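Read the figures in this text as sums done on the coordinates, not as results from a lab. Bear in mind that the values here come from a model prediction, so they are computed numbers and not experimental data. Cβ coordinates were reconstructed from backbone atoms using ideal geometry, including for glycine residues, and neighbour counts include every protein chain displayed.
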Amino acid sequence: MSIKEKEQEIISEFEMFEDWLDKYNYIIELGKSVPEINPEYKEKQYLIKGCQSQVWLHAKMENGKVFFTADSDALITKGIVSLLIRVLSGQKPDDIINAELDFIEKIGLKEHLSPTRSNGLVNMIKQIKLYALAFKSKQ
Amino acid sequence: MSFNVNLVRKEFPVLDQKINKNDLVYFDNAATTQKPKSVINRINDYYSFENSNIHRGAHYLSQKATEAYEAARVKTQKFLNAKHSHEIVFTRGTTDAINLVASSFSKKYLKKNDEVIISSMEHHSNIVPWQIACEDTGAKLMVVPMNNNGELIIEEYQKIISEKTKIVAITHVSNSLGTINPVKEIIRIAHKNDIPVLIDGAQSAPHLKIDVQDIDCDFFCMSAHKMYGPMGTGVLYGKEEWLEKIPPYQGGGEMIKEVSFDKTTYNELPYKFEAGTPNVAGVLGFEAAINFIDQTGIENIANHENMLLDYAIKELKNFSNIKFIGLAKDRASLVSFVFDNIHPYDVGTILDKLGIALRTGHHCAQPVMDFFNIPGTVRASFSVYNTIDEIDVFINALHKTREMLA
Ligand SMILES: Cc1ncc(COP(=O)(O)O)c(C=O)c1O
């Protein structure tokens, strides 16, 4: 599936929720069920610090596609991280670099990407794109 | 004077709104308080009918604005019980006031190997300006430690202070722990060694009766926006002697007597420290805020807030796995806590959805979080317009939040 298709899939899933409670319960569930990042990647060099919560991000390239794993110390951040990974992991570097990721806004989670939240997510997206750029230039 | 919280609430238009279909519960008062109508109207009136630059024109409006501005200075002097009105310098806020002192004082009085004492519970605004001053001069920053309850260890302070110490800068009330520090004693010890003391009053001025002559501090800083006044306005109180001795901070209009390209003579106090057109509307709004505090009565405010704090702590104690951050005997109206295994960010996010506005995170006091080895806390801070009912709503919301995150 392309990035756009995956975004659309998530938007459809979120349309089923009646209110914010359902939505956040789902995000919290996602946060709990994300496969753990390999502990060796929960190190400083993979850490993206926010003031409020922080994110660990690891990337590798296989067969022309970039694969990400990530984690966060806060559950809600982790749930949103898992959505970002679902959309972006396994895609080609160029597609990742050009992704607009407006699904976040469409599912009503834009507030979590505001710089004032400082939860690590904004910098995580930047970092994801930097990884993609780096892998692209190595190709 | 009798105190009726329902009447007080009516003065604050912002409180009457819904967030996510819930009544707003505003418990982020340590970050900034809401503004009563009298403050909003004062600013509105100034710009509607009185706006003019001060100290400059001889025309009617300019004179009226100047008189109003100087009357606000006298009001502030009385509020702090300062000896002279020229000991009141208007600034942009506490941060600006501390930077003024750190910069001007260090230019004249700090040199290599001197020492500046702060405490381990300072807001970044009372750390970074001193770090900059130390970097510029080669002086050293010394830190008074605290105990696990979040109280400064005075014996350690006495050990740190020496003939190398040139200034002590300590917060009156901690914004992350709520601790009220024994500033009078801290100042007495410093003065025995002829060392001046700056008190960061950002969190004390809204809650306690401040008498700068009684506590005998050399500098006192506060922010109007944390005491029902507008943002962008604050106060530096300085003893005449010290304000005379330290050099000006910024150059520009208003702070000079005569300017030629060879030499400039500086204006007298307090204008020496008020370069450029000041925030006149802000200062007049602040005056209205002081009137609000005076009319409500600072004792009534303090009693009401203490009652709310005691009730909140009693209710919070019923939660399992709660850990209070800051258990000082002397506390002002805020409570900071964490739950085992629940991140403060998650708590804050869900509470926000439930209409509860409070602060999660490190509260600009990262060294405090490092000391307790936590990423941040959930902080509820109370003000004169908050109610017991709101605390009940908050506690219920916390139960719900915990269920969701469990
Ligand atoms: C203890 C303390 N000092 C200083 C400040 C800074 O105040 P301002 O941002 O108004 O300059 C604050 C504000 O949060 C504070 O709580």
Taking B:Lys64 as the anchor, which lysines have their alpha carbon closer than 24 Å to its alpha carbon, excluding any fewer than eight residues away along the same chain? B:Lys37, B:Lys75, B:Lys78, B:Lys257, B:Lys272
Calculate the FRET efficiency for B:Ile132 and B:Val14 from the Cβ-Cβ distance with a Förster distance of 35 Å, rounded to the nearest 0.05. 0.50
B:Glu315 and B:Arg188 label points (each 7 Å along its Cα→Cβ direction) are spaced in nm at 3.9 nm
For the protein assembly as shown, state the semi-axes of the equivalent ellipsoid (square roots of 5 times the eigenvalues of the alpha-carbon gyration tensor), sorted largest first and rounded to whole angstrom. 45, 28, 25
Report the one residue of A:Ser89, A:Thr69, A:Asn38 whose Cα lies farthest in the direction of the positive end of the charge dipole of region A:14-113 (charges on C-beta: Lys and Arg +1, Asp and Glu -1; origin at the Cα centre). A:Asn38
Of the listed pairs B:Lys164/B:Lys192; B:Lys226/B:Lys314; B:Lys329/B:Lys353; A:Lys23/A:Lys106, which have alpha-carbon separations greater than 22 Å here? B:Lys226/B:Lys314; B:Lys329/B:Lys353
Using only Cα atoms, locate the centre of region A:1-40 and the centre of region B:349-371, then give the distance between them in Å, rounded to an integer. 25 Å
For region B:293-406, the convex hull over Cα atoms projects on average to an area in nm² of 7.5 nm²
Between B:Ile153 and B:Arg56, what is the label-point separation in nm under the 7 Å Cα-to-beta-carbon projection? 5.4 nm
Compute the FRET efficiency between B:Lys140 and B:Lys108 as 1/(1 + (r/R0)^6), taking r as their Cβ-Cβ distance and R0 = 22 Å, and round to the nearest 0.05. 0.80
So if I average 1/r over every pair of distinct C-alpha atoms in chain B and take the inverse, what Kirkwood radius in Å does that give? 22.2 Å
Which value, in debye to the nearest 20, gives the size of the charge dipole of the protein assembly as shown about its Cα centre, when Lys and Arg are +1 and Asp and Glu are -1 at the Cβ? 780 debye
Chain A: translational diffusion in µm²/s, Stokes-Einstein, Kirkwood Rh over Cα pairs, 4 °C, 1.567 mPa s: 85 µm²/s
Can you tell me the dipole magnitude for region B:40-294 around its Cα centre, using point charges on the Cβ only (Lys, Arg +1; Asp, Glu -1), in Debye to the nearest 20? 200 debye
Using helices alone, I'd like the mean residue ellipticity at 222 nm for chain B: each DSSP H run of four-plus residues gives -39500 (n - 2.57), total over residue count, nearest 500. -12000 deg cm²/dmol
Candidate lysines for bridging to A:Lys138, where Cα separation is under 17 Å - those fewer than 8 sequence places away on the same chain excluded: A:Lys60, A:Lys65, A:Lys92, A:Lys129
How would B:Tyr237, B:Tyr311, B:Tyr249 line up from fewest to most surrounding beta-carbon atoms within 10 angstrom? B:Tyr311, B:Tyr249, B:Tyr237
Among the aspartates and glutamates, which have Cα under 19 Å from the Cα of B:Lys21 when same-chain residues fewer than 8 positions away are ignored? A:Glu18, A:Asp19, A:Asp22, A:Glu111, B:Asp352, B:Asp389, B:Glu390, B:Asp392
Tell me, what is the FRET efficiency for A:Glu29 and B:Asn81 to the nearest 0.05, using R0 = 60 angstrom and their Cβ-Cβ distance as r? 0.55
